[in-house]
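Engineer: Take a look at the following structure, please.
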Amino acid sequence: MKRGDFKIETYETIINALRKLDFTEYESRIYLALLKQSPLNGNMIANLSGVPGAKVYSCLKKMVEKEFISIVYGEGRSNTRVMYTPVPYRKIIDRYSTDFLENLTLLKTELKNVQNHPINNLVVKELYQITDYEIAIDTVRKFIQKSKTSIYLCGWNEIVSILYEDLKEAQLRNVKIVSLMFDEPSESFDWKNSIHFDLDIVRERHKREFNIVVDEEKVGNCQFDQTNTYAVFTSNLAVVHTTLNYIRHDIYINRLIDDLNEEAINKYGKDLRKLLDI
């Protein structure tokens with residue numbers, strides 16, 4: 001069916017509507033032509049629809065596969081001439097209506113599942129990466145100032161001395177503080193503190209290191225240097241618990257070595273090389 005049989009606006013509206021139902025432009029024209037008159041053969045369809053003859057037969061084949069049209073046989077001596085007739089439009093509309101409603105039902109269920117699974121199983125937590133020395137120090141200070149129940153930390157006196165007053169105020173709020181120092185502190189601590197055994201390998205491995213866990217909810221892992229600082233702060237519980245256990249285990253080992261001083265040296269050597277060489 002050519003445009004001349006319809007107002008241009010109506011024709012284009014119908015074509016666009018059919019294209020939303022998986023019809024192509026040419027298939028839409030052929031279907032409208034067959035609705036107007038059928039059965040028709042390929043040449044007659046080309047003339048009536050305005051679809052180029054070279055494209056008609058490939059379109060007809062696809063339309064049969066999509067069940068938009070049907071093949072009928074007629075005319076000629078043995079009634080074997082191939083002709084085409086449209087599948088009733090109500091049947092096509094009903095088919096797409098059913099498919100559309102089924103898809104909507106499926107999407108309502110499955111998209112809800114997709115949305116709910118991340119919410120239930122993936123906990124997105126804050127994570128900050130800081131490379132500025134002063135900002136990193138200030139972030140640690142704010143962690144301490146907002147602490148409510150506990151603080152576990154390990155680090156060097158250079159950094160801990162900067163945080164000392166904030167730690168004292170936290171202790172006055174009855175916040176539990178446990179620390180492990182990699183060198184001698186310049187202040188006297190009223191909380192539980194351990195000093196790491198002093199070896200070259202320890203100084204090298206823990207150089208510039210500072211870790212803090214606050215309320216068992218937030219953690220800061222830092223490498224402090226005035227010109228080259230790298231720090232990560234997060235409330236991801238996997239990182240929190242790993243850092244907390246790291247600090248605790250380091251304290252355990254230092255206590256054992258301190259309590260079993262001679263036995264530890266006899267077993268692992270004066271520099272504990274047999275213990276630390278892993």
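Readers should treat all values here as calculations from the given coordinates under stated rules, not as data from a laboratory. Just so it is clear, the model here is predicted, and its values are computed rather than measured. Neighbour counts are summed over all protein chains in view; Cβ atoms, including those assigned to glycine, are modelled from backbone coordinates with ideal geometry.
Engineer: Grab the beta carbon distance between Glu169 and Leu111, set R0 = 51 Å, and tell me the FRET efficiency rounded to 0.05.
Structural biologist: 0.55
Engineer: What does the charge count near Asp132 come to, summing +1 for each Lys or Arg and -1 for each Asp or Glu among other residues with Cβ under 12 Å from its Cβ?
Structural biologist: Overall, the nearby charge balance is -3.
Engineer: In µm²/s, what is D for segment 215-256 at 37 °C and 0.692 mPa s, where D = kT/(6 pi eta Rh) by Stokes-Einstein and Rh is the Kirkwood radius from Cα pairs?
Structural biologist: For the chosen part, D equals 286 µm²/s.
Engineer: On average over all directions, what projected area in square nanometres does segment 125-212 have, based on the convex hull of its Cα atoms?
Structural biologist: It is 6.3 nm².
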